[in-house]
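Everything below concerns the one structure shown next.
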Amino acid sequence: MTLALDECSDGELAALALAGRQTAFRELLDRHRASVFRLVRGNTGDDDAALDVTQEAFIAAFAALKSYDVTRPFKTWVSRIALNKCRDWARRRAVRRFFSFALPLEAAASIADDSIPADQQLADRAELARVRAGIAKLPPMIREPLILRTIEGLTQAETAEVLGISEKAVETRLYRARSKLTEYLRD
């Protein structure tokens, strides 16, 4: 009898992947790719960079799969790896900026949806870009809990676990992030 991978827990998939089953790797990737991408995009503020960093995060996760504790949620574990990759990306970007005076290219606008008026789409895109830029400007210490809690929908306990801090620290950082973001958006 063959085991259906979509019915396996993340821990079972990790064990199968470690045993060499490539389809188990694919199933883990399919389950968690979207949430990791959103987390990374929220930290980088750039779709193209987010794709690269997400890929780096999964490569690192699969390389370190033997260190995954199957009693803990895979999403939490891979999110922590993704945040570390975001920090690496930010350091590399800071070094590149130091050595280059060129500004990064902005992503091209997506194709308009015919059901929404073009002027409304433009205003929505501008506001979304403004919010993303505001989030990207936040210091990582307060940006990461904001993204995990607000965008990814993790509970306060899960956010605390991903970041390795107390739930009270998550609450405090969320308050500071929201206050700072409101200040950025007011300007």
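The values are calculated or read from the model by the stated rules, or taken from the named source; none is laboratory data. Owing to the predicted nature of the structure, the values given are computational and were not obtained by experimental measurement. Glycine gets a Cβ as well: all are built from the backbone with ideal geometry, and neighbour counts include every protein chain shown.
When the stretch 151-175 is filtered for residues that are crowded, with 16+ Cβ neighbours inside 10 Å and not small (Gly, Ala, Ser), the ones remaining, listed by number, are Glu152, Leu154, Gln156, Glu158, Thr159, Glu161, Val162, Leu163, Ile165, Val170, Arg173, Leu174. Of all residues in the stretch 148-187, those being of a type in the set (D, E, K, R) and free of Cβ contacts under 8 Å to residues at least 24 places away in the same chain number 6. Quick check on Ala64: is it outside the structural domain of Leu148 (by TED's automatic domain parsing) and buried (at least 17 other Cβ atoms within 10 Å of the Cβ)? Spelling it out, it is not the case that Ala64 is outside the structural domain of Leu148 (by TED's automatic domain parsing) and buried (at least 17 other Cβ atoms within 10 Å of the Cβ).
With the structure loaded, tell me whether Ala60 is among the small types (Gly, Ala, Ser) and within 19 Å of Arg149 (Cα to Cα) or whether it fails that test. So Ala60 fails the test. Within the stretch 19-50, being among the polar types (S, T, N, Q) and farther than 30 Å from Ala94 by Cβ holds for Gln22, Thr23.
Screening Ala15 on (1) free of Cβ contacts under 8 Å to residues at least 40 places away in the same chain; (2) more than 23 Å from Lys85 (Cα to Cα) shows it passes everything except condition (1). Based on what the data block shows, is Ala49 without any contact (Cβ under 8 Å) to a residue 40 or more places away in the chain and in the same structural domain as Ala14 (by TED's automatic domain parsing)? No, not satisfied.
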